[in-house]
Amino acid sequence: MSDQKETFKCLILGSGPAGYTAAIYAARADLRPVIYQGLQPGGQLTITTDVENYPGYPEGVKGPDMMIDFQKQAERFGTDVRFGMASSVDLSKRPFKVVIDEKKEVLAETLIIATGASAKWLGLESEQKYNGFGVSACATCDGFFYRGLTVAVVGGGDTACEEASYLAKLCKKVYLIHRRDELRASKAMQHRVMKAENIEIIWNHLPKEIVGDKTVNGVMIEDVKTGIISRLDVEGFFVAIGHKPNSDIFKGQLEMDENGYLITKPDSTQTNVPGVFAGGDIQDHVYRQAVTAAGTGCMAAIEAERFLADQ
């Protein structure tokens, strides 16, 4: 462990829309923020091809390009953007101790957590091959591109039913592939799926391989009871088996729900530890959009500024 211990007024962990927006506001408030980008600089948007629902980009924008814009804006106001990932934290007293990459310890007067959540994937090689080219983990983000087409959704919980219902309004046909013979989703979500005329549930099946040329044109599925493999012709494949919040290092120190999402106070980004704030998908399992993440990043920076002013 290095003896060097830098102390920051405002330390931000994570570099998606929440982290960079927090940095922009914190820098303009003269907090001289330092941001550690984490394992995936730019967050989930770096694996998104086209973003068409973020205000201010009338022609749409590539996800990675948008995150470069966010970073440049944060740096323009003096944000210190660094590579590195928080590997452990001690939030028992201020200044908070954060260890980066298991070797460098830094101190923070305020901490903004924007480490996001990662989509759970099936683990198929073809899933990653076609990610952004017909494979998606967000119907709200990408459904528009499949207007009038046939798509498949895999999953059986609320997320899958919600994604299928959303896509049913846009797509000609939606297959909902589930490995069991009953859905795990809430009754209300199940009713919504059952009522949709263009949703067909494929029971007792698992996706084995996503196929296509440059983009997806089908999925091979296996009957879990007979082992028989068949093909569904689809132009889009949505993985909806949930998200995992990147919150493991905060266990035992910050309040979180049963799924690991950080709990913040109502109408606030304040966690149960004064001076520690959380924005974006790490505390939002409902909306999970770039624009809502940016909004909570703004809130976190303003709250951090006020917290410091009150000390």
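The values are calculated or read from the model by the stated rules, or taken from the named source; none is laboratory data. All of these numbers come straight from a predicted model, not from anything done at the bench. Cβ atoms come from the backbone with ideal geometry, glycine included; neighbour counts cover every protein chain shown.
So the values come out like this:
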| read-out | value |
| --- | --- |
| ASP284 being closer than 30 Å to LEU107 by Cβ, within 14 Å of the chain's Cα centre (by Cα) and part of a loop (DSSP other than H, G, I, E, B) | yes |
| Residue in segment 88-104 that is touching a strand residue (DSSP E or B) at 6+ places or on another chain (Cβ under 7 Å), under 22 Å from GLY279 (Cα atoms), surrounded by 21 or more Cβ atoms within 10 Å (Cβ to Cβ) and not assigned by TED's automatic domain parsing to the domain that holds ASN259 present | no |
| When residues of segment 5-59 are limited to those that are over 20 Å from the mean Cα position of the chain (by Cα) and among the aromatic types (Phe, Trp, Tyr), the one surrounded by the fewest Cβ atoms within 10 Å (Cβ to Cβ) | TYR57 |
| When residues of segment 145-164 are limited to those that are part of a helix (DSSP H, G or I) and among the hydrophobic types (A, V, I, L, M, F, W, C), the one surrounded by the most Cβ atoms within 10 Å (Cβ to Cβ) | ALA164 |
| Hey, ALA278 within 22 Å of the chain's Cα centre (by Cα), buried (at least 24 other Cβ atoms within 10 Å of the Cβ) and at pLDDT below 95 or not | no |
| Selected residue [within 15 Å of ILE201 (Cα to Cα), without any contact (Cβ under 8 Å) to a residue 40 or more places away in the chain and touching a helix residue (DSSP H, G or I) at 6+ places or on another chain (Cβ under 9 Å)] from SER165, SER186 | SER165 |
| Candidates LYS187, LYS244, filtered to the one that is of a type outside the set (Asp, Glu) and out of contact with any strand residue (DSSP E or B) (no Cβ under 8 Å at 6 or more places or on another chain) | LYS187 |
| Hits in segment 80-120 - residues which are under 24 Å from GLY260 (Cβ atoms) and aromatic (Phe, Trp, Tyr) | PHE96 |
| Qualifying position, being assigned to a strand (DSSP E or B), at pLDDT 95 or above and closer than 30 Å to MET66 by Cα, among VAL219, VAL234, VAL291, VAL211 | VAL211 |
| VAL273 outside any strand (DSSP E or B), in contact (Cβ under 8 Å) with a residue 60 or more places away in the chain, out of contact with any helix residue (DSSP H, G or I) (no Cβ under 8 Å at 6 or more places or on another chain) and not acidic (Asp, Glu) | yes |
| Residue ID - surrounded by the most Cβ atoms within 10 Å (Cβ to Cβ), chosen from residues in segment 239-254 that are touching a helix residue (DSSP H, G or I) at 6+ places or on another chain (Cβ under 9 Å) and small (Gly, Ala, Ser) | ALA240 |
| Single condition PHE70 does not satisfy, out of (1) assigned to a helix (DSSP H, G or I); (2) modelled with pLDDT under 95; (3) buried (at least 19 other Cβ atoms within 10 Å of the Cβ); (4) of a type outside the set (S, T, N, Q) | (2) |
| Lone unmet requirement of (1) modelled with pLDDT under 95; (2) within 27 Å of ILE12 (Cβ to Cβ) for GLY157 | (2) |
| Selection count where residues are among the β-branched types (Val, Ile, Thr), in contact with an Asp or Glu (Cβ under 8 Å, 6 or more places away or on another chain) and outside any loop (DSSP other than H, G, I, E, B), scope segment 34-67 | 3 |
| Lone unmet requirement of (1) part of a loop (DSSP other than H, G, I, E, B); (2) at pLDDT 95 or above; (3) farther than 30 Å from ILE100 by Cβ for ARG184 | (2) |
| Complete set of residues in segment 7-33 that are charged (D, E, K, R) and either part of a strand (DSSP E or B) or outside the structural domain of PRO274 (by TED's automatic domain parsing) (or both) | LYS9 |
